[in-house]
Ligand SMILES: *Cc1c(COP(=O)(O)O)cnc(C)c1O
């Protein structure tokens with residue numbers, strides 16, 4: 001095999017780059033995949049080199065060849081200045097805030113944010129002297145009306161966790177950049193394959209790689225991509241200071257997941273949309289929250305900015321007691337009930353966002369359920385839900 005130059009590589013299409021990135025059989029004894037390199041201690045040849053830390057790798061917490069192979073593939077997808085990997089999606093959400101904010105700073109966070117990130121903002125940031133306000137995810141360019149002299153960053157997530165509101169990311173980014181405010185985004189739902197967040201102006205883009213990257217519900221991992229070399233250096237310094245390292249096995253498994261992510265998403269996207277449409281036509285369903293549906297309030301933004309959809313969305317059932325929703329959910333045999341998503345298997349869980357939302361409380365009259373559509377045959381999934389709806393009606 002002839003080795004491509006970095007320029008030749010960069011001219012390849014994304015699908016091809018995802019297959020090639022981060023591996024060189026010449027470095028792997030000829031094997032296709034990079035090896036899993038385990039290690040804490042790195043041995044130096046002599047005193048001079050040790051004192052100068054003159055070595056490609058200096059110590060296990062500061063980098064590792066298996067992790068670098070994963071990072072090469074991630075850089076290919078994100079198209080930013082550099083990616084750092086963290087031990088969970090949550091750590092990838094909190095690292096950008098720890099790296100860029102200081103005492104006295106103000107942060108704006110979408111009210112639809114992933115809930116554990118909200119917990120971090122409410123419980124950890126005040127201890128560091130950083131104040132937080134939550135805003136309506138639909139705010140768009142009006143975000144500027146919430147800027148204070150000390151506003152340093154705006155956190156976005158589109159579509160939002162559980163409630164799936166779209167956000168006008170380019171408008172928010174334009175408003176922020178006019179004031180030198182950083183734009184951060186949790187882009188886990190679309191992945192970089194369906195939303196080029198840096199191109200839309202996002203300075204720091206986060207992925208819970210636990211979801212579609214790993215893709216098999218067997219790894220916890222997070223990734224943080226910086227748009228500029230300056231921001232990358234800042235994130236990398238915090239990453240290094242905090243000792244956020246991942247196990248090389250997890251890097252290997254995530255890289256393995258990324259090789260097939262586009263075909264999984266290609267299967268799961270239409271399955272998710274078909275299921276959302278089927279649910280929209282059901283009398284038991286009051287509303288489907290999925291931005292790829294023309295009926296969704298976020299559809300125009302989704303269509304303008306995103307090139308695809310993942311298979312996570314939610315439904316609001318007709319008004320009924322929770323026990324009716326529980327009767328539906330508890331008898332499902334193909335949908336597991338559990339947090340996380342992005343694996344090959346379908347999931348269903350009840351949620352209630354009313355107790356914690358502060359800027360905008362969605363007006364749900366019936367129980368709300370989040371669904372993740374996996375790689376099962378959609379007709380089997382529909383039959384499972386159909387029987388569930390019969391239990392729901394009987395328990396109403
Ligand atoms: C799951 C999730 C995270 C956190 O990922 P973990 O690896 O589970 O910590 C962050 N953001 C979103 C939108 C998620 O769905």
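Being part of a helix (DSSP H, G or I), in contact with a strand residue (DSSP E or B) (Cβ under 7 Å, 6 or more places away or on another chain) and over 25 Å from residue 199 (Cβ atoms) is a condition met by no residue of the range 308-319. Within the range 1-19, restricting attention to residues that are in a loop (DSSP other than H, G, I, E, B) and touching a helix residue (DSSP H, G or I) at 6+ places or on another chain (Cβ under 9 Å), the residue that is farthest from residue 79 (Cα to Cα) is 1. In this structure, does residue 22 turn out to be in the same structural domain as residue 82 (by TED's automatic domain parsing), touching a helix residue (DSSP H, G or I) at 6+ places or on another chain (Cβ under 9 Å) and on the phi > 0 side of the Ramachandran plot? Spelling it out, residue 22 is indeed in the same structural domain as residue 82 (by TED's automatic domain parsing), touching a helix residue (DSSP H, G or I) at 6+ places or on another chain (Cβ under 9 Å) and on the phi > 0 side of the Ramachandran plot.
Out of the residues in the range 84-115 that are touching a helix residue (DSSP H, G or I) at 6+ places or on another chain (Cβ under 7 Å) and in a loop (DSSP other than H, G, I, E, B), state the one that is farthest from residue 221 (Cα to Cα). Taking the candidates together, the pick is 103. Within the range 226-244, is even one residue at positive phi, surrounded by fewer than 22 Cβ atoms within 10 Å (Cβ to Cβ) and in the same structural domain as residue 60 (by TED's automatic domain parsing)? Yes, some residue in the range 226-244 is at positive phi, surrounded by fewer than 22 Cβ atoms within 10 Å (Cβ to Cβ) and in the same structural domain as residue 60 (by TED's automatic domain parsing). Would the range 114-129 turn up any residue that is within 14 Å of the ligand (Cβ to nearest atom), assigned by TED's automatic domain parsing to the domain that holds residue 232, at pLDDT 95 or above and closer than 18 Å to residue 228 by Cα? Checking the range 114-129: not a single residue is within 14 Å of the ligand (Cβ to nearest atom), assigned by TED's automatic domain parsing to the domain that holds residue 232, at pLDDT 95 or above and closer than 18 Å to residue 228 by Cα.
The residues in the range 347-388 that are within 16 Å of the ligand (Cβ to nearest atom) and part of a loop (DSSP other than H, G, I, E, B) can be counted, and the count is 5. Among the criteria (1) at pLDDT 95 or above; (2) exposed (fewer than 15 other Cβ atoms within 10 Å of the Cβ); (3) under 23 Å from residue 90 (Cα atoms), the one residue 339 does not fulfil is (1).
In the set 342, 336, only one residue is in contact with a strand residue (DSSP E or B) (Cβ under 8 Å, 6 or more places away or on another chain) and at positive phi; that residue is 342. Of the residues examined, residue 84 is one that is within 28 Å of residue 18 (Cβ to Cβ), surrounded by 21 or more Cβ atoms within 10 Å (Cβ to Cβ), within 16 Å of the ligand (Cβ to nearest atom) and not assigned by TED's automatic domain parsing to the domain that holds residue 293. Here residue 142 does not fit the description of being in the same structural domain as residue 198 (by TED's automatic domain parsing), surrounded by fewer than 18 Cβ atoms within 10 Å (Cβ to Cβ) and more than 24 Å from residue 302 (Cα to Cα).
Within the range 136-158, work out how many residues are under 13 Å from residue 111 (Cβ atoms) and either within 16 Å of the ligand (Cβ to nearest atom) or in a helix (DSSP H, G or I) (or both).
Our first condition is that a residue be under 13 Å from residue 111 (Cβ atoms); within the range 136-158, this holds for 136-139, 143, 146, 154-158.
Imposing the further condition that a residue be either within 16 Å of the ligand (Cβ to nearest atom) or in a helix (DSSP H, G or I) (or both) reduces the set to 137, 143, 146, 155-158.
Matching residues across the range 136-158 total 7.
The values are calculated or read from the model by the stated rules, or taken from the named source; none is laboratory data. Everything numeric in this text was worked out from a predicted model, so none of it was measured. Please note: Cβ atoms are built from the backbone with ideal geometry, for glycine as well, and neighbour counts cover all protein chains shown.
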